[in-house]
Structures are given as C-alpha cells and as structure tokens.
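Please treat every number below as a calculation from the coordinates, not as lab data. Computed from a predicted structure; not experimentally measured. Glycine gets a Cβ as well: all are built from the backbone with ideal geometry, and neighbour counts include every protein chain shown.
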Amino acid sequence: MSGRPSTPTTTMDSSVTRLVQRELRDKRFSALAAAVRDHEARARELLVGVRAHDLELYRRLRRICGEP
C-alpha cells in the first residue's frame, strides 16, 4: 500500500487493472492452447508419429482445460 487512504476511484482503478490483467492472461493461455492443439494436429499428420513427451503435453493441456 502507498499509505494513502483507499478512495472509490483508486479501488475501481485497481479492480479494472486486475480485470484487464486477468483478461490478458486468459488470452495468452488461449493462444498457447491453440498453438499446442495446432502442433498436435500437425504432428499426427507426420509419418514418424507423435513423440511420447508430446502426447504427455497434449494430455496435460486437456486436463488443465477440463477436457476428457
């Protein structure tokens, strides 16, 4: 805290800042998840097959996203 009393304006500003930060984190996570899913789709098309550590990454992403 800065030692100043909290006013409705500063409280609102900090609430808006937290909301914007959360939205930014959500956008970044969504972009990361989309990139991993794209990688998964491309890897499945390769003749070599999918590597074990890639499969684990895909499983972890689905678990984090609440997917089966």
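Once the Cα atoms are used to define both axes, helix 8-45 deviates from the longest principal axis of the chain by about 0 degrees.
Once you've got the GNM for the chain with C-alpha springs shorter than 10 Å, pick whichever of Leu55, Leu32, Leu46 has the biggest mean-square fluctuation. Maximum fluctuation in the GNM of the chain, among the listed residues, is at Leu46.
For Rg and Dmax of the Cα atoms in Å, the candidate list reads (i) 13.9, 41; (ii) 19.9, 64; (iii) 13.7, 51; the entry that matches the value derived from this model is (ii). Given their separation in residues at 0.36 nm each and the Cα-Cα distance between them, Ala43 and Leu61 gain 4.9 nm when the chain is fully extended. Could you work out how far helix 52-64 tilts from the main Cα principal axis of the chain, as a 0 to 90 degree angle to the nearest 10? Helix 52-64 sits roughly 40 degrees off the main axis of the chain. Basic side chains Lys and Arg get +1 at the Cβ, acidic Asp and Glu get -1 at the Cβ, and with that the dipole of the chain about its Cα centre reaches some 140 debye.
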